[in-house]
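The values are calculated or read from the model by the stated rules, or taken from the named source; none is laboratory data. It should be emphasised that the depicted structure is a prediction, and the values quoted were computed from it without experimental measurement. Neighbour counts are summed over all protein chains in view; Cβ atoms, including those assigned to glycine, are modelled from backbone coordinates with ideal geometry. Each accessible area value is taken on the protein alone, full model and side chains, heavy atoms only, with ligands, DNA and RNA left out. Shrake-Rupley method; radii C 1.70, N 1.55, O 1.52, S 1.80 Å.
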Amino acid sequence: MSSGLLIALALGLPLAGAVLIGLLGRWPNVRETVTLVTALALAVCVWSLVPEVMDGARPVLRVGQMMPGFVIAFEVEPLGTMFAALASGLWIVNSVYSIGYMRGNREANQTRFYACFAIALAATMGVAFAGNLLTLFLCYEALTVSTYPLVSHKGDSATVRSARVYLGILIGASIGLLLPAILWTQHLAGTLDFEVGGILDGRVTGVATGFLLGLYVFGIAKAAIMPVHRWLPAAMVAPTPVSALLHAVAVVKAGVFTVTKVVTYTFGIDFLAGQSHVDWVTPLAAFTILAASAVALAQSNLKRLLAYSTISQLSYIVMAASVLAPMSLTGAAVHMVSHAFGKITLFFAAGAIYVASKKTELYQLHGIGRRMPWTMAAFTLGALSMIGVPPTAGFVSKWYILGGALQAENRIAVFTLVASTALNAAYFLPIIYRAWFRDEQQAPAPEHGEAPWPMVLALTVTAGLTLAFFLFNQPVIELARQLVVM
Amino acid sequence: MNLVPHLPALQVVLPLLVAPILVLLRDARLCWLAALATSVTGLCIAIAITGQVLDGETLRYAMGGWAEPHGIGLRVDELSTVLLLVVNGASTLALLGGRASLLEQVGEPRQNLLFAAWLLAVAGLSGILVSADAFNIFVFMEISSLASYILIAGGPSRRALPAVFKYLIAGTVGATFYLIGVGMVFMMTGTLNISDMELRLAEVGDTNVIIVAAGFITIGLALKAAVFPLHAWMPNAYAFSPHIVTAFIAACSTKVALYVLLRMDFFVFQKNLVNHEWQFAFVLMPLAAFGILFGSIAAVFEQNIKRALAFSSLAQIGYILLGASLITVAGFNAAVLHLFNHALAKGALFLAVAGIGMRFAHLRLDEVRGAGRRMPWTLTAFAVAGLSLVGIPGTAGFVSKWALILAVLDRGGLGVALLVLIIVSSLLAVVYVGRIVEALWFGEPAGKDQAVREAPPMMLVATWIAVAANLWFGLDASLPGELAGRAAEDFLRHLP
């Protein structure tokens, strides 16, 4: 199959799946089959693009002209391939989990849920493969809009209020800051294409560069840099599969992915390295890492704790990219993958606990490891990966980021890495201790064991991936290196 | 017989001829079918004309073979075709979906009169767009206005009557102002033909009479186009007319008035009055800016969905005027694009609202809460069209907003201020669209006993065609982009 067709399929399959899901809502088993088949087919499409890209090819698909001079185009490059392969692969696991969760919880409006989920994945693929800034913006907004019904799924007034915060911050930032930034870029450079080495060199200088970068960094609110991070804890009212795939992988990674892309292809690393008004990004990301970890320490709700942990982990990627050293950039790319495995496992575990026992708060988790050994074992692995303990995925990326920080002799970054590792341990280890070594205060009203088997299967798989990535990370690092070589 | 050269005339003559026949038909279904068929034919003619205009030159047609300037001339250029598509497209979609709704709201016995008035409105609006003669424009303006008053007054609510009376007063004052202005120009030049006027005015030059005439014409048309602060007639006229009539009128009538405004100010007066462009910009840009802000804020606080959308129209008319008052090719291009794209968005929204209106007696937000669960297709259409109104990428609304902001950025410091204005009002649009969508989808239903179900299939088909147009022209804006670009070049060719 030609690679252009593969890109078109990667974008079209989830959309077609969404329409089918909408039409087949009356037969839940058929509907879920459609989700699974679409997810599998999508993964096959995306994964079969990988070898080509690793050989250095850059397949292109031009869809059409939006306005004179503005083309909707897709181009597959290493970072995008990595992101798309990650999201599409995890969608399979997540779909299995979703089926267990939505049925186990007897949720309403499941057809809307699966349809919007598929649309969100199509938008994610669009973000990953976007060939210019305009296409990227288009898919970015589609992702925001399609996830709104997922966040407000439950539909009671508290959920709707949270969803309003979610949509308000994401759309507000993207229209208020990102759109002007893109238009300004177009005004300065006359193009919005992604080009190696950037398009802004010599077209903007001094404070204006810093200001434009600021518009981008805060406008891409999906990267959850403080103070535009509030939408992520708000999004935790969504059903857990949404939090797991979208708000730990697809949406938030779309944010840091966009930031990385803008830094490398719009500004250009060499151009930014020579500018003096852009050095505020590293301290800001460092602050976000530490502050979010500190806030996580104070959380009593498990999902909100995980959300703040995500905010802090995302800023690792931004910080690593802003250090501007080759090794740290590799680390940034690898961290996108390793954090995804760990965090999706943690969310899966949180959802499994909720479905089995309806428990959501930390103090309720005494002794739960004995009732749900598989779930809590997976949770433990995920938590260790967040802290960065070998042999888990988190260690690999932290190693690279730390190496890059030392390479660039960036003391702020080194200090932040050490301090945040300690903070991560401080909020994850008590949970693990509580779950395994403390006794239950009272037996739960209906006795329960593990969650439904699809959920346990899914979280076991992702926990396995967290372990496996420690050993088998060569292809990912290979792709990430290509990013640096360019 | 080859009909192709006669298309500009047929565009007007066809609905004008069918209208009186409809009055004689007693059967409601037959009336609807005839009106729909006429409207579809009108749309086909408009598409054929668009093809011709895209191919090359401006179309000219001499009625009865009498050459201009002595005979009655018709003239169709890029800007007219954009609006011909809008008028006939809006009429067709509204008629296609609206039979059930109109039967319910206007009543069976008056269907023939209703559809006759409808076709007269189509004929009047199309006539304005193809006329090459300032006085004929006035005549067609009166035809379309009188027909619109009838349509708007047809609604079941008694409050439609004061609303339409207000509209009638405002519309008559506006048309009279226009006529006074045209009369003054006629007095000075002895011609009513627009192209001729443009040439002859050069001989008269920069006299006070012409300046006053330009003032009368601009203000009169601004009144008809509901430019802030002359919009007072609009919200209630939209809110209390039959829902389907709103979908038709809101998509095109104010835009046609704007068309005449642009035609007169840029085509006729531009070359002949010293600094006319600055006078135009000086008056209309602040009005546009206030309109954008006022309309958006009023829409945020409005409880009635139709009134909220009407206030949003006020803001959107502001965008169009803002683009035109930049007096640049890019700005004018954005204005024409927004004429087209806003019609798409508002038409789709009001069609969806008409669908909701068939299931709910009142369109207040607190009464239609939670309707999304019962009528998901209608409400999904509303949400997507709402995205287009906000200007989310992938929808038509984004394309014109993008073009407008790029045009604004060329203006340096003023441009940054206008950029902030556009961004702020876009965010306000997120709020007013967002609160309606949120209430419709996630609000707790007010009355549990209501038998709310999905809108009738024809209604859904019409609504979704409009929504699909929003998406299509959001991803591929080459057709309106081409027309708007050429219209902008044409209208601004006198400027250095």
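Could you please tell me the mean projected area of the C-alpha convex hull for the stretch A:62-115, averaged over all directions and given in square nanometres to one decimal?
5.8 nm²
For A:GLY197, enumerate residues with amide H under 5 Å from its amide H, sequence gap 5+ or separate chain, H modeled in the peptide plane.
A:ILE269
Please list, short to long, the whole-number percent of alpha-carbon pairs of chain B in consecutive 20 angstrom bins beginning at zero.
The calculated distribution, bin by bin, is 25, 59, 15, 0.
Can you give the Rg to Rh ratio of the stretch A:165-208, both from alpha-carbon atoms, with Rh computed by the Kirkwood formula? Present the calculation step by step, with values, prior to reporting the outcome.
Working: Rg = 13.0 Å, Rh = 11.9 Å.
Ratio value, two decimals: 1.09.
When the Karplus curve 6.51 cos²θ - 1.76 cosθ + 1.60 is applied with θ = phi - 60°, which whole-Hz ³J(HN,Hα) does each residue of the stretch B:398-415 get, with x for Gly and Pro?
Karplus-based 3J(HN,Hα) across the stretch B:398-415 equals 5, 4, 6, 5, 4, 4, 5, 5, 4, 5, 5, 5, 5, 9, x, x, 4, x Hz.
Which net charge results for the neighbourhood of B:ALA403, defined as the other residues with beta-carbon distances under 15 angstrom from its beta-carbon, given Lys and Arg at +1 and Asp and Glu at -1? Present the calculation step by step, with values, prior to reporting the outcome.
Details: positive: B:LYS401, B:ARG411, B:ARG486; negative: B:ASP410, B:ASP476, B:GLU482, B:GLU489.
My count for the surroundings of B:ALA403 gives -1.
List every residue whose amide H lies under 5 Å from the amide H of A:MET67, counting only residues 5 or more places away in sequence or on a different chain, with H placed 1.01 Å from N in the peptide plane.
For A:MET67, the qualifying residues are B:ALA477.
In whole Å, what are the extents of the stretch B:315-369 along the principal axes defined by its C-alpha atoms, from largest to smallest?
Result, largest extent first: 46, 17, 12 Å.
For the protein assembly as shown, what is the calculated [θ] at 222 nm in deg cm²/dmol (nearest 500), taking -39500 (n - 2.57) for each run of four or more DSSP H residues and dividing by its residue count?
-24500 deg cm²/dmol
Over the Cα atoms of the protein assembly as shown, what is the Rg over Rh ratio if Rh follows Kirkwood?
The Rg/Rh ratio comes out at 1.02.
Under 21 Å between alpha carbons, and skipping anything fewer than 8 positions from A:LYS222 in its own chain: which lysines qualify?
Once the sequence-local lysines are set aside, what remains near A:LYS222 is A:LYS253, A:LYS261, A:LYS303, A:LYS343.
What is the sum of charges around B:LEU79, taking Lys and Arg as +1, Asp and Glu as -1, for the other residues whose C-beta is under 12 Å from the C-beta of B:LEU79?
Numbers: positive: B:ARG75, B:LYS255, B:ARG263, B:ARG486; negative: B:ASP77, B:GLU78, B:GLU489, B:ASP490.
Net charge around B:LEU79: 0.
Give the share of C-alpha pairs in each 5 angstrom bin for the stretch A:263-337, from 0 to the last occupied bin, in whole percents, shortest bins first.
3, 17, 22, 21, 16, 10, 6, 4, 1
Suppose all protein chains stay in the model; what accessible area per residue would a 1.4 Å probe give for the protein assembly as shown, in Å²?
Ligands and nucleic acids excluded, the result is 34 Å² per residue.
In the stretch B:2-132, what is the volume of the convex hull around the alpha carbon atoms, normalised per residue and reported in Å³? Walk me through the numbers on the way to the answer.
Details: hull volume 13.3 nm³, N = 131.
Here the figure is 101 Å³ per residue.
Counting only protein heavy atoms and using a 1.4 Å probe, what share of the accessible area of the stretch B:283-496 belongs to carbon plus sulfur, as a whole percent?
The value for the stretch B:283-496 is 69 percent carbon and sulfur by accessible area.
Heavy atoms only, probe 1.4 Å: what % of the accessible area of the stretch A:165-297 goes to carbon and sulfur, would you let me know? Can you show the working numbers first?
On the way: 2230 of 3580 Å².
The computed percentage sits at 62.
Compute the long axis of helix B:28-55 from its Cα atoms, compare it with the longest principal axis of the Cα atoms of chain B, and write down the angle in degrees, 0 to 90, nearest 10.
Approximately 40 degrees, to the nearest ten.
In degrees between 0 and 90, to the nearest 10, how far off the longest principal axis of chain B does helix B:276-301 point, with axes built from Cα atoms?
10 degrees
Any idea what angle helix B:478-491 forms with the longest principal axis of chain B, computed on alpha-carbon atoms, 0 to 90 degrees, nearest 10?
Its long axis makes an angle of about 30 degrees.
Tell me, what HN-Hα J-couplings in whole Hz come from the Karplus equation 6.51 cos²θ - 1.76 cosθ + 1.60 at θ = phi - 60° for each residue of the stretch A:138-151, using x for Gly and Pro?
With coefficients 6.51, -1.76 and 1.60, one gets 4, 6, 4, 5, 4, 5, 4, 5, 6, 8, 4, x, 6, 5 Hz.
How far is it, in nm, from the label point at A:ARG411 to the one at A:LEU23 when both lie 7 Å from their Cα along the line to the Cβ?
The modelled label-to-label distance comes out at 6.5 nm.
Where Rh denotes the Kirkwood radius from the mean inverse Cα pair distance, what is Rg over Rh for the stretch A:299-406? Show your work: numbers first, answer last.
Working: Rg = 15.2 Å, Rh = 14.4 Å.
Rg/Rh: 1.05.
Given a Förster radius of 22 Å and the C-beta distance between A:ALA298 and A:ILE432 as r, what FRET efficiency does 1/(1 + (r/R0)^6) yield to the nearest 0.05?
Rounded to the nearest 0.05, the efficiency is 0.75.
Checking a compactness column here: for the stretch B:397-496, what do you get for Rg(Cα) / (2.2 N^0.38 Å), N being the number of residues?
Cα Rg divided by the expected 2.2 N^0.38 Å: 1.57.
With just the Cα atoms defining each centre, how far is the stretch A:271-331 from the stretch A:155-193? Give it in Å.
Cα centroid to Cα centroid, the span is 20 Å.
Step through the residues of the stretch B:452-461 one at a time and calculate ³J(HN,Hα) from phi using the Karplus curve (6.51 cos²θ - 1.76 cosθ + 1.60, θ = phi - 60°), rounding each to whole Hz and writing x for Gly and Pro.
Result, ordered by residue: 8, 9, 4, 5, x, x, 4, 4, 5, 4 Hz.
In Å³ and rounded to a whole number, note down the convex hull volume per residue for the Cα atoms of the stretch A:279-486.
Considering the Cα atoms of the stretch A:279-486, their hull volume per residue is 99 Å³.
Taking Cα centroids, how far is the stretch B:411-467 from the stretch A:335-393 in Å?
Rounded to whole Å, the Cα centres lie 40 Å apart.
Would you mind giving the average projected area, over all directions, of the Cα convex hull of the stretch B:283-496 in nm² with one decimal?
11.5 nm²
Around B:ALA487, what is the net charge, scoring Lys/Arg as +1 and Asp/Glu as -1 over all other residues with Cβ under 12 Å from its Cβ?
Its environment carries a net charge of -2.
In square nanometres and to one decimal, what's the mean projected area of the convex hull around the Cα atoms of chain A?
20.9 nm²
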